[in-house]
Structures are given as C-alpha cells and as structure tokens.
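Data first, discussion second: the structure below is written as structure tokens.
Computed from the coordinates by the stated procedures, all read-outs in this text should not be read as laboratory data. Since the model is a prediction, treat every value here as computed from it, not as a measurement. Quick reminder, even Gly has a Cβ in these numbers, built from the backbone with ideal geometry, and neighbours come from all protein chains shown.
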Amino acid sequence: MASLVKLFQNCKISGLLTNSAKCIVVPERTIYKFIKKPSPGTGHAYRRIVHYPKEYTVKPLDVTNLAGRDPVTGRVVAKGIGGGIKHKFHWVVFTRDGPKEGPPQIERVIDVIFDGCRTAKVALVAVGDQLKYIIASENMKPGDIIKTSRFIPRIPVRANEGDAYPLGALPVNTKIHCLEKNPGHPYHMITAAGTYGTITRKFGEHVVVQIPSKIEIAFHQTCMATVGRVSNIEHGRTPVGSATRKRELGYRPRSGLWQRKTGKHGRKIRKPPPMRIAKPPGAPEPKAIRLTEPTLALKSNY
Amino acid sequence: MRRSAALFAQHGDFMFKRHWLIKGRRVPQDDGSEAYLKSLGIEVEDALEYVNRKPPLPKFVVDRGWLPQKEVFDHTHPLWKEEKCHEFGDENVLLEGIPQAQVLTKSIVIDGLPPNVQQFIKNIEIPAKTHTNMKKNVMYSCMFDAEQKKKPIKRTLPGKPAHYLPREYGISERRQSRLLISKTLRECDKLAGIAICSKRQVFTDALFVVPFKRYGDLIQMEITTESYLVAKTPIAALDTKSSTDNQLPDLLPLKYTISMPQENIYLLRDEYPIAKLFSHYHPHTIFLHFSPHEVKNLHETPVTESQLSSRSMLKAFAVAASRARQDYGEHVNDLEKPIVVQSIQLNGLSFQFGVFQLNTLNLGDDNGIKNVWFNGPTLPLCSECAYKLGRPVLAGYNPDVFRYIYGFYRNEGT
C-alpha cells in the first residue's frame with residue numbers, strides 16, 4: 001500500500017501534458033505478459049463463429065469452427081471440442097411477431113430441414129414474400145398452416161401445434177417451447193430437441209411455466225411461446241454409439257476417468273426450488289477504465 | 001525445472017503488478033462535476049483524447065488517371081432505382097413451382113400435350129437405323145467425348161459422412177446436354193428431309209430479356225436457352241378461349257413473387273436474339289439444360305418436379321413474351337395471333353416436354369383470356385449409360401423420347 005501511495009505522489013499531470021510522446025522503454029524479456037482468458041459458460045460459444053450477412057437470409061451460412069478456442073486470444077477455453085463434420089448454419093428467427101389486434105397472421109410451413117448445428121430440426125416458413133426459419137415442433141410437416149398473434153383474449157385460445165401466442169392467451173396445461181424470457185428481449189428458452197415446458201397456473205399478470213428441468217418460473221403474460229414440443233424427440237434416446245460418431249459430432253477424445261464430484265452420473269434428489277419470477281434483463285455494465293502501468297504489456301482485451 | 005517462478009513467488013514487484021491488474025480497472029463514478037462545468041458553459045473533453053489527438057492531415061488524393069473507378073453497388077450507382085425489380089434468371093426456381101408460375105404468368109395448366117401434337121407424335125414411325133444412331137449419340141455424349149473436367153459431386157460413403165471420396169473427372173453436365181441436343185437435332189434433320197429442314201434454324205445460347213408488370217409489381221426475366229430452334233412459319237395456335245373462365249390458383253398466405261430476388265440496381269430492356277429482317281425468326285422449340293448443381297433453391301434443398309416444370313414454363317413464357325414485344329411493341333395486351341413455344345428440358349438423361357401458348361400480356365389483373373401451359377410428360381432416355389467393368393454400357397434405351405423430340409421438330413400446329 002505504501003508503494004502505491006508513493007507512486008501516486010510522484011504522478012504529475014503537468015509533465016504528462018507537456019511531454020506526452022515520452023514512454024519508458026523496457027527490455028522485452030522483463031515484460032510480464034498477462035492474457036485475459038475468458039471462462040466458458042458466460043454466454044459465448046467457442047464451437048463456431050457464424051458469418052452473418054447484413055440482411056436476413058435463408059441461405060445456409062458459412063461458419064468458422066473454433067475448436068474451443070477464444071477467437072481474440074487464440075487460447076483454448078473449452079476443452080474437448082474440435083474436428084467433426086462441418087455443417088452450414090441456418091439462421092433461425094426466434095421472435096414470432098404477430099398482430100396485436102384482429103385475426104392472427106397465417107404462415108405456411110414449406111419444409112422441415114435437418115440442421116447439423118443444433119439438435120432440433122428447423123422449419124422453413126413462408127408468409128407474403130418472406131421466408132424464414134423457425135424451430136420445428138414435434139409433428140410439423142410441409143404444408144402445415146401455423147398462426148401467430150400477440151392478442152390476449154378473455155377466453156384462452158384453442159391453439160394448434162406450431163402456433164405462437166402470448167402466454168396469457170394459452171390455456172393451462174398447454175405444452176410450449178421457444179419461450180420468450182422477457183417481452184421484446186431476444187432470448188428464448190426451451191429450444192433443444194424434444195424439450196417442452198408446461199403452463200401450470202396463472203396469477204396477476206404472470207403465467208407460471210414448468211421448464212424442462214422441472215423448475216417453475218413465472219413469466220409475464222405477454223411473453224410469446226410456441227405451442228407443442230420441439231422436434232426430433234428421439235434425440236435424447238439415441239445413443240452416440242461409437243467413438244467415431246462422437247468425433248463426427250465435433251468432440252475430441254477424452255479419458256474415461258470417473259469423476260465423483262462432477263455430478264455427471266446423476267444428481268442427488270432434492271426438493272425443487274420454489275417458483276421464481278423471471279429476472280428482467282439487467283442494465284449494461286458501466287464501462288471500466290484500464291489504468292496503465294508502463295512495465296505491464298497488456299493485451300487489448302485485458 | 002524452471003526455478004524463477006518459485007523464486008519470484010514473493011517478489012514485491014510481481015505482486016504489485018498482479019495487484020495492479022485487478023485494481024487498475026476502475027469504473028469512474030459520476031460526482032456531478034461534468035454537469036456543473038457544462039452549466040457554467042465550460043466544454044468538457046476527455047483528457048486522454050485531448051493529449052493523444054493529432055492535427056488533421058491534409059488529404060492526399062491519388063490521381064488514378066485512366067484507371068477505372070471501382071464500382072460501388074449502393075444508392076450512388078447510376079442504375080439505382082427506388083422501385084425494386086423482381087428478377088428471374090437461369091439459376092432461379094420458384095418456391096411453389098407450377099401454381100406460382102401460373103399466377104406469375106396468368107396461365108392455366110393442362111396436363112398432357114395438345115391433342116393434335118399427341119396424335120401427330122403417335123403416328124410417327126421412326127426407322128430402326130435412327131434408333132441405332134441415337135444410341136451411339138447417347139453413348140458419345142455421356143462416355144466417349146474427350147472432355148475431362150472435375151465433376152461437381154462430392155460423394156461420401158453411406159454411413160460415413162466424414163469420409164470423402166476423391167473427385168471424379170469426366171464430361172461436364174452442360175457439355176453432355178449440348179452434345180445430346182446437337183446430335184439429336186442432326187438426326188431430326190436427316191429424318192425430316194430438306195423440305196422441313198430448310199424451314200428450321202438453330203441458335204445456341206440465345207438471350208431473352210423481357211420486363212413486365214404484374215399486379216403493379218415490376219418483374220424482369222433474363223434467361224438463356226441452351227439451343228433455340230426457330231422456324232420460317234409460326235406454329236398454329238390452338239383455340240383456348242375457354243381459358244377465360246378458369247381461375248388461377250390461390251397461393252395464400254404466400255405472395256406470387258416469393259423466392260424471386262429483388263434488386264434496386266437494374267436496367268430494363270427488351271432482348272430477342274433474332275432481328276425481324278431474318279426470314280427464320282418465329283419461335284419454335286427451346287432446349288433447356290438443368291443441372292442440380294447450378295439451379296438451386298436459396299435454402300439449398302433439392303429442386304422438386306413441380307419447380308422443374310415451372311422453370312420450363314417460365315422460360316417458354318419469356319421467349320414468347322419477348323417475341324410478342326418485338327412484334328407488337330411494348331404496350332401489347334391481348335395478342336391477335338397467339339404465339340406458341342415448345343419446350344424440352346434436359347435433366348441429365350431425362351427429358352421434360354411442354355408447350356406454352358401466349359394469348360395475352362395484359363397481366364395487370366386476372367380477368368380476360370389467359371395463357372396456356374400444356375404440361376407434357378417427363379421421360380428417361382435410358383436407364384443406365386456408364387462404363388461397367390471397363391466396358392461402355394447403355395441399358396434401357398427408351399425409343400419414345402426421340403419420337404417426342406422428332407414430333408416437336410416436325411410440328412407446325414396443323
């Protein structure tokens with residue numbers, strides 16, 4: 001602490017202004033190289049980068065596989081990823097936008113397509129002169145007509161599979177997927193193959209949904225949800241089968257060591273936590289200032 | 001073992017630097033000084049930006065001289081227009097296939113070729129020698145030609161998606177179609193004799209461009225045909241006045257322009273490859289080449305049978321429409337003399353036949369007389385044509401295909 005105080009005492013703003021170009025030359029071998037390596041599980045995927053164009057398109061997009069590496073530092077962040085068959089990416093539109101009043105918007109399913117980048121199948125949907133991909137539901141097939149509306153009637157609607165309505169418009173016990181977590185916020189839950197949530201009850205302006213992990217969460221009634229179960233229900237029951245197949249799926253070989261504490265081989269049965277209300281999206285974090293120190297060679301991301 | 005890490009573990013300098021890394025990242029707290037200074041009319045600037053700022057450098061313009069400027073495809077482009085144009089080209093297919101093509105071209109669809117053409121084809125007798133020649137032609141086009149190009153197909157073994165086989169070399173699909181068309185037409189010439197043969201001419205890679213408005217939307221078709229057979233006299237039209245009462249299919253909730261790319265940069269123009277001065281300028285038959293590697297859906301799923309037929313239909317429409325606009329001018333509506341175009345589309349070794357009759361170019365609404373598309377059969381020329389155990393094999397030759405082609409060649413609509 002004493003050294004810090006001493007350092008700040010020596011700082012003079014006048015010298016900084018008059019001789020701004022001056023810098024201390026330090027031999028390279030004495031520089032400490034600190035690299036900030038991100039940790040997995042913070043909302044960034046280290047499997048692939050998708051090269052999105054400026055405008056939405058249904059043309060399958062090119063990807064760059066990352067093999068678990070952080071694209072900024074080039075360091076391995078997520079172990080066990082690499083190789084595999086390269087698949088093109090289908091740009092899925094999760095937001096199902098419909099009219100707030102009047103009859104629902106009608107769309108037609110053109111095709112149900114296998115997508116190698118996700119477990120569920122995707123459906124090509126057409127309306128007007130627009131084409132888009134959505135997550136396919138269990139029994140969706142080409143030629144199906146699906147409806148989308150944001151209107152919440154007094155009596156719950158009788159929805160068919162693939163229709164998208166606000167949670168408040170759907171009756172209790174309806175199976176749903178592609179659930180909007182916060183109204184207007186681009187984050188959707190329940191999109192993996194074979195999963196579904198169930199509307200259990202309603203209170204006030206909130207609707208309680210039991211998500212696939214059996215936890216109950218209350219969402220605002222205007223959150224959009226798609227009726228039915230996500231397609232490819234066999235996915236969970238299908239064994240990988242062989243080490244080669246695992247490599248084809250983009251996983252690297254690993255040791256078969258049994259690790260007691262990972263919880264991989266089952267969890268302890270406990271009472272599920274009480275129902276909670278979905279957390280609203282947080283405010284953006286304030287921008288921090290990085291104070292410089294001449295002998296520290298810092299990467300730009302640190 | 002490197003001991004420096006252990007030796008420097010308690011090093012004060014290192015510890016200070018580690019500590020600095022954590023504590024050197026600070027979020028500045030707003031103490032209201034900036035707002036206060038602003039209220040006094042004092043401009044506030046970031047200190048670091050002020051120190052680091054550089055005087056603006058004078059812009060150094062390189063005189064490119066005669067070098068052409070790089071074309072920028074945005075609203076500054078000389079061909080940029082506010083109104084978007086829907087385009088149909090050689091590599092497009094319509095999403096909905098035939099029903100969408102019907103709405104787009106205001107046409108009704110009749111299954112099977114026109115009765116007079118069917119009867120004409122039925123009565124044709126082809127000598128055995130011609131079939132022998134045709135078999136030779138097929139084998140030459142698919143196996144014996146000297147072209148060696150890298151084939152586009154990337155085959156994998158079933159059940160082994162990671163295993164890639166080496167790319168094959170051989171005759172390209174386009175070359176195969178081109179040879180097959182030219183050799184088949186030569187057989188037709190030989191069989192028909194000088195009286196018919198002198199009335200026909202063949203053009204390759206003919207370009208047709210036709211702009212039109214449908215329900216107020218601007219559409220431009222720009223297509224080429226692999227071979228374009230023209231005749232001295234036009235094919236006589238059929239009486240299709242009954243088409244007035246027919247209804248066009250309902251595409252709801254789709255719009256009829258779905259899957260047609262829209263562009264702001266375009267040049268509207270009319271193109272018909274043959275001048276009016278030439279004696280053989282009446283459209284007769286178009287030969288089209290289809291390759292699944294060139295013609296694709298935008299979402300990269302295989303092209304369906306209906307989409308394939310609709311491609312043939314739209315191309316025949318474009319040929320007839322460009323011819324009509326050349327003959328009757330840009331503002332033509334219902335045609336005095338309908339234009340008939342026959343179409344043969346090659347998909348590998350399968351042939352798809354059709355006849356289009358253009359009755360009207362009044363495409364503003366759905367009322368009045370409509371155009372007619374006779375959707376003919378799709379026939380395979382042979383079941384197999386490849387080397388087997390080092391020997392060329394042609395199996396399952398279908399003589400009906402040449403009968404249809406020769407029937408189309410001879411047809412004059414009477």
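Quick look at the values:
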item: Backbone N under 20 Å from the B:Ala395 label point (7 Å along Cα→Cβ), restricted to the range B:324-353; result: B:348-351
item: Estimated FRET transfer efficiency when R0 is 22 angstrom, pair B:Arg410-B:Ile194 (beta carbons, to 0.05); result: 0.95
item: Debye, to nearest 20: dipole size of the protein assembly as shown, +1 on Lys, Arg Cβ, -1 on Asp, Glu Cβ; result: 5060 debye
item: More than 17 angstrom apart: percent of Cα pairs within the range A:25-89; result: 56 percent
item: Three-way shape label, the range B:83-410, alpha-carbon gyration tensor, a/c 1.5; result: oblate
item: Separation in nanometres of the label points that stand 7 Å from Cα toward Cβ, at A:Ile85 and A:Ile215; result: 3.4 nm
item: Sites B:Leu277 and B:Ser182 - FRET efficiency at Förster radius 25 Å, r taken between beta-carbons, to 0.05; result: 0.45
item: Distance (nanometres) between label positions extended 7 Å along Cα→Cβ at B:Ile265 and A:Leu291; result: 5.2 nm
item: GNM top mover of B:Leu94, B:Leu267, B:Leu314 - chain B, alpha-carbon springs below 10 Å; result: B:Leu267
item: Cut-off under 5 Å, modelled amide H: who pairs with A:Ala120 long-range; result: A:Ala193
item: Fully extended contour minus Cα-Cα distance, from B:Asp366 to B:Arg167, at 0.36 nm per residue; result: 66.6 nm
item: Whole-number percent relative contact order across the range B:83-410, with pairs defined as alpha carbons under 8 Å at least 6 apart; result: 27 percent
item: Added length on full extension, which subtracts the Cα-Cα distance from 0.36 nm per residue, B:Arg2 to B:Asp46; result: 11.3 nm
item: Fully extended contour minus Cα-Cα distance, from A:Arg260 to A:Met275, at 0.36 nm per residue; result: 2.4 nm
item: Separation of the B:Leu248 and A:Arg158 label points, Cα + 7 Å toward Cβ, nm; result: 3.6 nm
item: For the range A:96-234: rounded, prolate or oblate by the Cα gyration tensor [a/c cutoff 1.5]; result: oblate
item: GNM flexibility winner over chain B from B:Ser383, B:Ser310, B:Ser177 (Cα, springs under 10 Å); result: B:Ser383
item: Choice from A:Gly168, A:Gly204, A:Gly83 with maximal GNM fluctuation in chain A (Cα, 10 Å cutoff); result: A:Gly204
item: Calculated FRET efficiency for the pair B:Ser350/B:Thr233, C-beta based, R₀ 30 Å, to 0.05; result: 0.45
